[in-house]
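FYI, it's all coordinate maths here, none of it is from the lab. This is a predicted model, so every value here is computed, not measured. Backbone-built Cβ (ideal geometry, glycine too); neighbour counts: all protein chains shown.
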Amino acid sequence: MLAAGAPHGIEPYGVEALGLLRIEKGHVAGSELNGQTTAQDLGLGRMLKKKGDFIGRVLAQRPGMTDPSRPRLVGLRSVDPARQIRAGCHLIVDGRSQGWISSATQSVVDPGWIGLGLLRDGETHIGSVIVAANPLMGEEVPVKVVSPHGYDAENLRVRA
């Protein structure tokens, strides 16, 4: 396969590379699709059918599922590029756990550690610095809350 693709610049890649790239791009996967999230939580609400029925419509309209303060998908970036952030860390706002990091990796686009997380009132915290806490390892890492679409948010590369 590599020989057949050589004229087209084919390169081998691994599963870890796919995981890293999806986090850079803000694409959700198993870590974010854990049975606790809704399309709205993940920023995918506009994809839901507007008229007519679909599987899950009744559940999606229940008050607990439409509460605007539910944890929402956000991007995270370590304030100090040398400080690692880890999946599973609590996101601490004003001394209280308000969410968690679902996925984290070292960025290849910009130096430092990045992640995706679910944060209560997520959109209102974009631009803020909060703490990613890992009590089991005694770590507290300052992270900046950013858009989950950390790379090519306008999808210009897809159309290049």
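Taking Rh as the Kirkwood radius computed over C-alpha pairs, what is the Stokes-Einstein D of the stretch 1-92 at 37 °C in a medium of viscosity 0.692 mPa s, expressed in µm² per second? Don't jump to the answer; show the numbers that get you there.
Numbers: Rh = 16.8 Å.
Translational D for this selection: 195 µm²/s.
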Query raised in the report: Computed FRET efficiency, Cβ-Cβ of Glu11 and Leu156, R0 22 Å: what is it to the nearest 0.05?
Result: 0.55
Query raised in the report: Computed on alpha carbon atoms, what radius of gyration and Dmax characterise the chain, expressed in Å?
Result: 17.7, 56
**Report entry** Nitroxide proxy distance, nm - points 7 Å out along Cα→Cβ at His27 and Arg96
**Finding:** 3.6 nm
Report summary line: Correct semi-axes for the stretch 85-157, from √(5λ) of the alpha-carbon gyration tensor and rounded to whole Å with the largest first, are 22, 15, 9
Query raised in the report: What list of ³J(HN,Hα) couplings, whole Hz, do you get for the stretch 6-11 from phi and the Karplus terms 6.51, -1.76, 1.60, once you set θ to phi - 60° and write x for glycine and proline?
Result: 3, x, 9, x, 4, 9
Query raised in the report: What does the helix-only formula give at 222 nm for the chain: each DSSP H stretch with n ≥ 4 adding -39500 (n - 2.57), the total divided by the residues, and the result rounded to the nearest 500 deg cm²/dmol?
Result: -3000 deg cm²/dmol
Report summary line: Subtracting the Cα-Cα distance of Lys50 and Met65 from 0.36 nm times their residue separation yields 3.7 nm
Report task. Report relative contact order for the chain in percent, whole number only (criteria: Cα-Cα under 8 Å, sequence separation at least 6). Result -> 25 percent
Query - Vicinal HN-Hα couplings computed from phi for the stretch 21-32 (Karplus, 6.51 cos²θ - 1.76 cosθ + 1.60; Hz; Gly/Pro x) - result: 5, 5, 5, 4, 7, x, 7, 7, 8, x, 5, 8
Query raised in the report: For the chain, modelled as a GNM with alpha-carbon contacts under 10 angstrom, which of Thr37, Thr124, Thr105 fluctuates the most?
Result: Thr124
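Would you mind counting up the charge near Leu33? Only other residues with Cβ under 14 Å from its Cβ, with Lys and Arg at +1 and Asp and Glu at -1. Provide the component values of the computation, followed by the final result.
Details: positive: Arg22; negative: Glu32, Asp41.
With Lys, Arg at +1 and Asp, Glu at -1, the neighbours total -1.
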Report task. Report, by chain and number, residues whose modeled amide H sits under 5 Å from the one on Val131, excluding near sequence neighbours (fewer than 5 apart, same chain). Result -> Ile92, Val143
Query raised in the report: So how do 5-17, 67-79, 136-148 stack up, highest first, on mean other-Cβ count within 10 Å?
Result: 67-79, 136-148, 5-17
